[in-house]
Amino acid sequence: MEESYIFFDIESSNSVGGDGHICSFGYVICDQNFTILEKEDIVMNPQSEFEPVLFDPKSKCCLAYPKEYFLSQPDFSFYYDRIKNLLTALHRKSIGFAVENDIDFLVCAFNHFNLPQFDFRAYDSRIIADRMNNAHNGLSAWLKFYNIKTDMLTAHKSSDDAEMTMLLVKKMCEAKKMHISEFLAFNFFALRSVAQDIERRNINAYKKSIESQIRELFYKKNPAPQTTKLKGRYKLVVSSKRDYNQKIDLFKLIYNNGGVIIEKLDPNCTYIMEDSRKKSPWMDQPKFKSVNFICLKDLFRQLEIEPWPFKRMSWEGLKKNGI
């Protein structure tokens with residue numbers, strides 16, 4: 001069976017709480033020669049409030065239809081099976097632009113309407129264009145860069161945006177002198193999936209949980225510390241690359257030894273740096289003259305314990321722990 005290609009784009013009504021609610025799913029299905037076989041804009045009621053800017057003609061992200069039209073349509077649950085079949089059909093590859101956003105919108109819809117998650121993989125043409133040209137641009141900028149004419153297409157109409165993505169990929173294939181199947185295989189690194197998005201959401205939820213536990217320690221004095229080797233107020237900045245379990249343990253180390261952890265730097269506190277490299281210039285400003293700058297090794301020395309080895313955040317380790 002001959003392979004087909006679906007280029008798709010999703011518009012959302014808002015991104016309240018970090019979740020985008022789908023109001024249109026547009027797609028173009030083409031063959032290996034970029035001949036369009038099918039094109040449609042599936043418009044739906046997002047069951048969510050719209051951001052007012054989306055209907056402002058002066059806005060850069062004005063939607064293609066009036067608000068009333070969106071509200072008159074069925075919601076995502078009505079189109080679920082159809083969208084699933086479009087994206088998971090045999091002998092078909094999916095391509096989008098900034099596809100991580102679109103996949104996240106789908107995951108949000110699965111959760112919002114309590115529908116079974118289905119996994120699929122899609123190539124992100126933005127990642128490919130950025131790497132090919134050593135730049136970072138939006139769709140309209142890349143279309144302009146490749147001199148692609150889109151006068152008959154409407155931006156933020158999902159089916160037209162999908163066609164624009166197809167035209168971009170076609171032009172990149174021509175530039176590389178590659179057949180689309182060869183081009184996608186060459187750019188395998190641009191594949192993204194629902195499974196990856198769900199993993200990212202779980203990791204972010206875990207991070208937020210740890211950060212919340214850390215915030216609970218701010219400005220509090222331990223009523224029954226293990227030791228009183230630490231006195232005064234401490235501002236600790238830990239690398240974002242450090243394992244999050246170890247990160248909170250470092251904050252607890254201060255709290256459990258009598259120190260008070262503060263959120264913002266203030267006079268007469270101790271600022272703990274990750275390592276003993278040269279201080280940043282801002283640290284030498286007169287207003288920080290009374291701040292005591294130390295590194296983690298100094299803290300361990302003060303507590304008379306062996307320095308902890310730096311543990312990097314490990315996604316595999318988190319998954320093994322059920323994160």
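The values are calculated or read from the model by the stated rules, or taken from the named source; none is laboratory data. Nothing here was measured: the structure is a model prediction, and the numbers come from that model. So basically every Cβ, Gly included, is an ideal-geometry build from the backbone, and we count neighbours across all protein chains shown. Heads up: the accessible areas ignore ligands, DNA and RNA and are worked out on the full protein's heavy atoms, side chains in. Shrake-Rupley method; radii C 1.70, N 1.55, O 1.52, S 1.80 Å.
Restricting attention to the stretch 197-222, which residues are in contact (Cβ under 8 Å) with a residue 12 or more places away in the chain and closer than 30 Å to PHE8 by Cα?
So in the stretch 197-222, the residues in contact (Cβ under 8 Å) with a residue 12 or more places away in the chain come out as 197-199, 201-203, 206-207, 210, 213-215, 217-222.
Correct list: ASP197, ILE198, GLU199, ARG201, ASN202, ILE203.
If a residue must be outside any loop (DSSP other than H, G, I, E, B) and either touching a helix residue (DSSP H, G or I) at 6+ places or on another chain (Cβ under 8 Å) or surrounded by 15 or more Cβ atoms within 10 Å (Cβ to Cβ) (or both), how many such residues does the stretch 6-60 contain? Please lay out each step first, then the result.
Filtering the stretch 6-60 down to residues outside any loop (DSSP other than H, G, I, E, B) leaves 6-12, 16-18, 22-30, 36-43, 45, 52-55.
Right, trim to either touching a helix residue (DSSP H, G or I) at 6+ places or on another chain (Cβ under 8 Å) or surrounded by 15 or more Cβ atoms within 10 Å (Cβ to Cβ) (or both) and you get 6-12, 22-30, 36, 39-43, 45, 54-55.
Selection size over the stretch 6-60: 25.
Out of all the residues in the stretch 138-156, is one or more modelled with pLDDT of 95 or more, open to solvent by less than 70 Å² (accessible area, probe 1.4 Å) and over 25 Å from LEU37 (Cα atoms)?
Among the residues of the stretch 138-156, at least one is modelled with pLDDT of 95 or more, open to solvent by less than 70 Å² (accessible area, probe 1.4 Å) and over 25 Å from LEU37 (Cα atoms), which makes the answer yes.
Quick check on the stretch 104-160: of everything there that is assigned to a loop (DSSP other than H, G, I, E, B) and among the aromatic types (Phe, Trp, Tyr), which residue is farthest from the chain's Cα centre (by Cα)? Before the answer, list the steps.
Pass one, the stretch 104-160, residues assigned to a loop (DSSP other than H, G, I, E, B): 113-120, 134-138, 146-157.
Of the ones still in play, those that are also among the aromatic types (Phe, Trp, Tyr) are 113, 118, 120, 146.
Working: PHE113: 22, PHE118: 19, PHE120: 18, TYR146: 27 Å.
Filtering the stretch 104-160 for residues that are assigned to a loop (DSSP other than H, G, I, E, B) and among the aromatic types (Phe, Trp, Tyr), the one farthest from the chain's Cα centre (by Cα) comes out as TYR146.
Looking at PHE105, is it farther than 14 Å from ALA162 by Cα, open to solvent by less than 30 Å² (accessible area, probe 1.4 Å) and either among the aromatic types (Phe, Trp, Tyr) or touching an Asp or Glu at 6+ places or on another chain (Cβ under 9 Å) (or both)? Break it down into steps so the answer makes sense when it comes.
Numbers: farther than 14 Å from ALA162 by Cα: yes; open to solvent by less than 30 Å² (accessible area, probe 1.4 Å): no; either among the aromatic types (Phe, Trp, Tyr) or touching an Asp or Glu at 6+ places or on another chain (Cβ under 9 Å) (or both): yes.
No.
Being in a helix (DSSP H, G or I) and under 23 Å from ASP56 (Cβ atoms) narrows it down to one of MET172, MET164, so name that one. Full working, then the answer.
Values: MET172 fails: under 23 Å from ASP56 (Cβ atoms).
Just one listed residue meets the conditions, MET164.
Out of all the residues in the stretch 69-102, which are farther than 17 Å from ASP9 by Cβ and surrounded by 18 or more Cβ atoms within 10 Å (Cβ to Cβ)?
Within the stretch 69-102, just ASP75 meets the criteria.
With respect to ARG131, determine if the residue is open to solvent by 10 Å² or more (accessible area, probe 1.4 Å) and without any contact (Cβ under 8 Å) to a residue 60 or more places away in the chain.
Numbers: open to solvent by 10 Å² or more (accessible area, probe 1.4 Å): yes; without any contact (Cβ under 8 Å) to a residue 60 or more places away in the chain: yes.
Yes, satisfied.
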